[in-house]
Amino acid sequence: MSEPPIPALPEDDALAAELALGVLEGTERAAAEARLRRDPALMARVIAWQERLAPLNHGFAEAPVPPDMLNRIEARLFPAPAPRRTLWMTLAGLGLAGVTALALVAFLVFSIPPARVEAVLTAENGTLTYDAVFDGLRLTVTRVAGEPAPEGQVHELWIIAPGAAPVSLGLLARGPLVVAYPTPPAGWVLAVTVEPAGGAPEGKPTGPVMMQTEITL
Amino acid sequence: MTDDHIAQHLGRIAAQDRAAFRALYAAASAKLMGVLLRILGDRAEAEDALQEVFTRVWLRAGKFDATRGQGMTWLIALARNHAIDRLRARPPRAEGDDAMEALADTAPRAEVQLVARGEARRVADCFDRLEPDRAAALRGAYLQGQSYADLAARHAVPLNTMRTWLRRGLLSLRECLEP
């Protein structure tokens, strides 16, 4: 059976539909997603296809969620400020009474964690350094020593919550990277990997970790 | 201006509003769990994936653009993409699985009957105009996260034929929806 060639579904729109559906695999999928990250026009087409196909979402039935799931998610996203509680319990344990203890507790409870946090990422051989500054609303990452990744490669910045998979914060090219991002809690990790140009193909780091540092407040 | 409550929650979550995050969770978690369970077919993995999806919702809410789409569509796309990432990362399945799936899928399923109103009705009508094999392939891709290779095996056609089918089906669908 010889069907005529596919008519005017432009190649990009077909690719966008395939991305919205998720039917691609392997290197084809990786290449398409890498392109998607740097091609806003393609992203707009993918979003249009998501909306076009959205009525199919009625085909997904709701399913029960375990009752403790929200707690698990919040524990992962918002780790409790452990040292404060320890001190509070210590005070309670010591039986410190009266105004002094109350005042101390009030101070501890109302003290606000610093909005501005800095971290330094340095390669093991010391030839490359990035400065990362969280100001409460934004993360700004600036290369203060060394050279950007060679042609065909790129440095990709990741943030890793305890026990969670790395989440890409963006690509470190020639200029500083500025992304809207809240100041993370202590214990989260920033890392830089070497990835193919365009970034890690499937949103997961693939290249060697060049540098990493833990957030300390 | 908008009555898209999910979109409103996402806007507030982008500004680090934890109460909005809880409200969004209450409004969307059962649906997203349904998406993950349907595609992954495994409750433990779906629960694990749900945690990851809500983590990404918190981290990426700022990327949602309410001028370009619905909040729930964005959430479901995020969940579908994550579930499909997991599917594609699985080792290749043994022969026979596909045959079982093909058998199971020959019976019409409740969820294929789209809710017959508004936009959903239009899409349902447009699906009815597609050749049944192509409509089934599109639904398999959307609701079960099947890849071109899965679909080709299930429908016993070469991969390029499946690609042509699906692209034709998508073209017809787009033309039908946007006359």
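Is it the case that A:G207 is part of a loop (DSSP other than H, G, I, E, B), of a type in the set (G, A, S), farther than 20 Å from A:F134 by Cβ and without any contact (Cβ under 8 Å) to a residue 60 or more places away in the chain?
yes
Return only the number of the condition from (1) β-branched (V, I, T); (2) surrounded by fewer than 14 Cβ atoms within 10 Å (Cβ to Cβ); (3) at pLDDT 85 or above that A:V133 does not satisfy.
Among (1) β-branched (V, I, T); (2) surrounded by fewer than 14 Cβ atoms within 10 Å (Cβ to Cβ); (3) at pLDDT 85 or above, A:V133 violates only (2).
Can you tell which of B:A137, B:A152 is more than 7 Å from chain A (Cβ to nearest Cβ), crowded, with 16+ Cβ neighbours inside 10 Å and more than 15 Å from A:L53 (Cα to Cα)?
Of the residues listed, the single one that is more than 7 Å from chain A (Cβ to nearest Cβ), crowded, with 16+ Cβ neighbours inside 10 Å and more than 15 Å from A:L53 (Cα to Cα) is B:A152.
Please verify whether segment A:178-185 includes one or more residues that are surrounded by fewer than 19 Cβ atoms within 10 Å (Cβ to Cβ) and more than 25 Å from B:A61 (Cβ to Cβ).
No, that holds for no residue.
Suppose the filter is surrounded by 14 or more Cβ atoms within 10 Å (Cβ to Cβ), modelled with pLDDT of 85 or more, under 30 Å from B:I76 (Cβ atoms) and away from chain B (no Cβ under 14 Å); does A:R45 pass it?
So A:R45 fails the test.
So which of A:N57, A:N71 is loosely packed, with under 14 Cβ neighbours inside 10 Å and in a helix (DSSP H, G or I)?
Only one candidate passes the filter, namely A:N71.
Across segment B:51-90, which residue is farthest from A:E62 (Cα to Cα) among those that are assigned to a helix (DSSP H, G or I) and among the acidic types (D, E)?
Checking each candidate, the answer is B:D85.
Looking at (1) over 15 Å from A:R138 (Cβ atoms); (2) in a strand (DSSP E or B), which is the only condition A:L190 fails?
(1)
Which of the residues spanning segment B:141-157 are without any contact (Cβ under 8 Å) to a residue 40 or more places away in the chain, under 20 Å from A:N57 (Cβ atoms) and in a loop (DSSP other than H, G, I, E, B)?
Passing the criteria: only B:Q146.
Please state which one of A:A173, A:A200, A:A161, A:A180 is within 14 Å of another protein chain (Cβ to nearest Cβ), closer than 17 Å to A:R35 by Cα and aliphatic (A, V, I, L, M).
Exactly one residue qualifies, and that residue is A:A200.
Residues being within 20 Å of A:R116 (Cβ to Cβ) and touching a residue at least 24 places away in the same chain (Cβ under 8 Å): count how many of those fall in segment A:144-160.
Selection size over segment A:144-160: 2.
Give me a count of the residues in segment A:1-18 that are at pLDDT 90 or above and either facing chain B (nearest Cβ under 9 Å) or in a loop (DSSP other than H, G, I, E, B) (or both).
4
Taking the conditions exactly as written (modelled with pLDDT under 90 and among the hydrophobic types (A, V, I, L, M, F, W, C)), does B:A77 satisfy them or not?
Criteria not met by B:A77.
For segment B:1-47, give me each residue that is among the polar types (S, T, N, Q) and outside any helix (DSSP H, G or I).
Residues satisfying the conditions are B:T2, B:Q16.
Starting from segment B:1-24, take each residue that is within 14 Å of chain A (Cβ to nearest Cβ) and list its partners that are surrounded by 15 or more Cβ atoms within 10 Å (Cβ to Cβ) and basic (K, R), counting only C-beta distances under 6 angstrom and pairs at least six apart or across chains.
From segment B:1-24, the pairs are B:A20/B:R12.
Is at least one residue of segment B:110-123 modelled with pLDDT under 95 and more than 9 Å from chain A (Cβ to nearest Cβ)?
Within segment B:110-123, one or more residues are modelled with pLDDT under 95 and more than 9 Å from chain A (Cβ to nearest Cβ).
The values are calculated or read from the model by the stated rules, or taken from the named source; none is laboratory data. Everything quoted here is computed from the prediction, not taken from an experiment. Positions of Cβ are generated from backbone atoms using ideal geometry, with glycine treated the same way; all protein chains shown enter the neighbour counts.
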